[in-house]
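A short worksheet on the structure shown next.
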Amino acid sequence: MDDLRGFELWKQGAEGRIYRGVFFDRPAVVKERFTKAYRHPSLDQHLTHERFRNEARMLVRCKAAGLKAPTVYYADYQTNRLCLEYFTECRTVKDFIDAKLGESDEKMLVALMELIGKNVALLHDSDMIHGDLTTSNLILPIPHDRLDLHFIDFGLGYVSHSAEDKSVDLYVLERAFLSTHPNTERLFARLMQSYFKACRVDGREIARKFHEVRMRGRKRVMIG
Ligand SMILES: Nc1ncnc2c1ncn2[C@@H]1O[C@H](COP(=O)(O)OP(=O)(O)O)[C@@H](O)[C@H]1O
Ligand SMILES: [Mg+2]
């Protein structure tokens, strides 16, 4: 994908850009990662390429495991550009939660927590670590209320069977969730309940490690 004709710049981030357009008659986005000038150039190129590869690989694996994620239309190893299925008018889980908190739609929120917990458990049961689980990296294509949860943004993702890795993935989610949506401990607890109910592999061990990782996190905060 040397040529992005037909695509327009949609989002500009610190480490990448997202374009949107059409790929063989289908709505598509192109995710492009680039090198940050102030780091070591060859190390940087290597990291950029790794993230691009992780993302392509994990998205495909995710779909193969029966979980939902954008279809990979094209992965260009030369330019580190990834062309993906574009869910037009989808909503991030972050925006959806904010809206439902505003409406005090407890029922919908609980249903969503249960679904996220179950889907993360399925992801982990298939030995996939997302690496950056936040409510902005989960999306709901329209109609949003159908809760058709999709995973995105797998640049830090990898394959691992380790209970420790899975517990850290959960801890990242907890930190991101509670800082993005303050005073939602009760809701997040529903997510965790659903996770452990659905988890088929190493549930007890993951729970044990999760509490350990959490304690370590707390200590770090106290020491500063
Ligand atoms: N395939 C897609 N369909 C619809 N929206 C998307 C898609 N991919 C990304 N987005 C939107 O763009 C945002 C950023 O994409 P993401 O893959 O998370 O990149 P970043 O690494 O910049 O966080 C997402 O939070 C979502 O709102
Ligand atoms: Mg993201």
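The values are calculated or read from the model by the stated rules, or taken from the named source; none is laboratory data. Quick caveat: nothing in here was measured; it's all calculated off a predicted structure. Cβ coordinates were reconstructed from backbone atoms using ideal geometry, including for glycine residues, and neighbour counts include every protein chain displayed. All accessible areas refer to the heavy atoms of the entire protein, side chains included, with ligands and DNA or RNA removed. Shrake-Rupley method; radii C 1.70, N 1.55, O 1.52, S 1.80 Å.
Listed values, structure above:
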item: Cα shape, segment 8-85, gyration tensor, a/c 1.5 rule; result: oblate
item: Lysine pair count for segment 46-166 [Cα-Cα under 24 Å; pairs on different chains or 8 or more apart]; result: 14
item: Signed unit charges on C-beta, dipole axis of the chain, positive-most listed residue Val213, Thr92, Cys62; result: Val213
item: Potential extension, Gln12-Asp25 segment - 0.36 nm per residue separation minus Cα distance; result: 2.2 nm
item: Segment 91-223, relative contact order in percent, only Cα pairs under 8 angstrom and at least six apart counted; result: 33 percent
item: Dipole in debye (nearest 20) - the chain, about Cα centre, beta carbon charges: Lys, Arg +1; Asp, Glu -1; result: 600 debye
item: Kirkwood hydrodynamic radius of segment 91-223, Cα pairs, Å; result: 15.0 Å
item: Unit Cα scatterers, Debye sum, the chain: log10 I(q)/I(0) for q = 0.18 Å⁻¹; result: -1.39
item: Distance between segment 113-162 and segment 37-93 - C-alpha centres, whole angstrom; result: 15 Å
item: Debye, to nearest 20: dipole size of segment 91-223, +1 on Lys, Arg Cβ, -1 on Asp, Glu Cβ; result: 520 debye
item: Accessible surface, per residue, of the chain when the full set of protein chains is kept, probe 1.4 Å, Å²; result: 54 Å²
item: Inter-probe distance in nm under a simple model that places probes 7 Å from Cα toward Cβ, at Arg5 and Arg220; result: 4.8 nm
item: DSSP H segments from the chain that extend 18 Å or more along their own axis, Cα-based, with Kyte-Doolittle mean of -1.0 or above; result: 41-64, 106-125, 163-180, 185-198, 203-223
item: The chain: most fluctuating residue of Ala28, Ala99, Ala69 per GNM, C-alpha cutoff 10 Å; result: Ala99
item: Restricting segment 71-114 to GluC sites (Glu not before Pro) in coil, as DSSP defines it, with at most 14 other Cβ within 10 Å; result: Glu89, Glu103
item: Sum of -39500 (n - 2.57) over DSSP H runs of 4+, divided by residues of the chain (222 nm, nearest 500); result: -16000 deg cm²/dmol
item: The chain, relative contact order [Cα under 8 Å, separation at least 6], %; result: 19 percent
